[in-house]
Amino acid sequence: MRIGILTSGGDCPGLNAVLRGFCKYCFNKIKDVEILGFLEGYAGLMNREYKQLTPADVENILDVGGTILGTSRQPYKLMTVKEGDAPTKLQMMVDNYKKLKLDVLVTLGGAGTHKTASLLSVEGCNVIGLPKTIDNDIYGTDVTFGFHTAVSIAADALKRIRTTADSHRRVFFVEVMGNKVGWLTLYAGVAAGADAILIPEIPYDEDKLAAFIAEKMKQRRSVVIAVAEGAMSVKEAAMSKKERRDYLVQAGGSPVTDRLASAMSAKTPFQCRSTILGHIQRGGEPCAFDKLLSTEIGAFGAHLAQVGRYGVTVCVRNNRLGFNILTDIAGRTKRVPSDGQLVLLCKDTGIYFGD
């Protein structure tokens, strides 16, 4: 059996652990297996750049962050764009899949990776997706590997910010990754005891936020607010995408936390500061939960390859591994429900969401 495997899109904790789980299952359970690791994501498949993986390659990578195969972003919207007489990126990948005589291609990635995997599946390639993203936004699965590690990193940073905020009697806006969804910000904010959590799914009102800060500062020495990078005001939420882009350009393209710190400094008498956590959330060793989850997902993905269940992506539902049809979930996003149980319980405990 000849298997191709790649890691695509942004890196996250657990990629190597999944590679390890997948390969160890294959080497242990499938006779005459050959695993080609494509380098730099889909670019490796396009350019036929790969290395044959051996048991030694994956033996000691459970704790290692990043990906030993490398990764890159290949925008989904460019996959079928024709440039002159050259084949499209999609056609290049399909052709190389056939030339390399692959029995299956396994893709470790997030939303964009899954959309491209779905295209390859429709074109006749045998594909299995493995759900990776710190955003936890892949439709049809309760959790993605990398998410809980990022939650722990962001929560730890928020708790550290609290000590300096208390020392100086300040208001801090801490930007957490999450451009379209707020799962990471929500979980990290709750775990760190944030006073407020601002996420894309619940637009905030600046005047109400200022009133909340003023009232909260009567009770304690600091206010720490976890802010998803894609959080937006009620005013922004009412705009079209183009109007919002133009509005942000006029605002100088500054991050949401910088804009909030500036606005709240003008609306309240308190010193407001912003901090952007950035790529630290995606780096380093995965937590124990993600090591376990990654090993399970990798091994289960290998099992699906062994039994010939293609055109699917692995999922976790109610603590059990399963799979979804790629074409059913590609292009769909799992968002935080504004009236979901966790949000409502958080509000009941006094966490403010800006609305």
For residue 168 and residue 234, extending 7 Å from Cα along the Cα-Cβ vector and measuring point to point gives, in nm, a value of 3.1
Identify which of 59, 201, 40 has the largest mean-square fluctuation in a Gaussian network model of the chain, with springs joining Cα atoms closer than 10 Å.
59
Select from 215, 49, 206 the residue whose mean-square fluctuation is largest in a Gaussian network model of the chain (Cα-Cα springs shorter than 10 Å).
215
If you compute semi-axes √(5λ) of the Cα gyration tensor in Å for the structure shown, which of [x] 47, 24, 15; [y] 32, 27, 17; [z] 41, 22, 17 do you land on?
[z]
Straight distance only, please: which aspartates and glutamates reach the Cα of residue 101 with their own Cα at less than 16 Å, same-chain residues fewer than 8 apart left out?
32, 34, 49, 123
XL table 235/347; 159/241; 180/218; 115/235; 115/347; 241/347; Cα-Cα > 27 Å flagged, in table order, is 159/241; 180/218; 115/235; 115/347; 241/347
Express the relative contact order of region 143-230 as a whole percentage, based on alpha carbon pairs under 8 Å and six or more residues apart in sequence.
41
Contact order relative to length of the chain, as percent, for alpha carbon pairs under 8 angstrom and 6 or more apart:
24
Taking the Cα atoms only, what angle lies between the long axis of helix 241-250 and the longest principal axis of the chain, rounded to 10 degrees?
60
Order the peptides 222-232, 185-195, 273-283 from the highest to the lowest mean number of other Cβ atoms within 10 Å of their residues.
222-232, 185-195, 273-283
Show which lysines lie in cross-link reach of residue 291 when reach means a straight Cα distance below 18 angstrom and same-chain residues fewer than eight apart are skipped.
24, 132
Please give the per residue accessible area of the chain, computed with a probe of 1.4 Å over protein heavy atoms only, in Å².
44
Roughly what would the spin-label model give for residue 266 and residue 80, points 7 Å off Cα along C-beta, in nm?
4.5
Using helices alone, I'd like the mean residue ellipticity at 222 nm for the chain: each DSSP H run of four-plus residues gives -39500 (n - 2.57), total over residue count, nearest 500.
-12500 deg cm²/dmol
Accessible-area order for 345, 62, 198, largest to smallest, probe 1.4 angstrom, reads 345, 62, 198
Return a whole-number percent for the relative contact order of region 1-86, with Cα pairs under 8 Å and 6 or more residues apart as the contact set.
41
Give the cross-link partners of residue 98 among the lysines, using a straight C-alpha distance below 18 Å as the criterion and excluding same-chain residues fewer than 8 apart.
51, 89
Output the 0 to 90 degree angle, nearest 10, between the alpha-carbon long axis of helix 111-122 and the longest principal axis computed from the alpha carbons of the chain.
30
Local charge sum around residue 343 (other residues, Cβ-Cβ under 14 Å, Lys/Arg +1, Asp/Glu -1)?
-2
Give the angle, between 0 and 90 degrees and rounded to the nearest 10, that separates the Cα long axis of helix 206-216 from the longest principal axis of the Cα atoms of the chain.
70
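The values are calculated or read from the model by the stated rules, or taken from the named source; none is laboratory data. In this text, all values refer to a predicted model and were calculated from it rather than measured experimentally. In this analysis, Cβ positions are derived from the backbone assuming ideal geometry, glycine residues included, and neighbour counts consider all displayed protein chains. Calculation scope for accessible area: heavy atoms of the full protein, side chains included, ligands and nucleic acids excluded. Shrake-Rupley method; radii C 1.70, N 1.55, O 1.52, S 1.80 Å.
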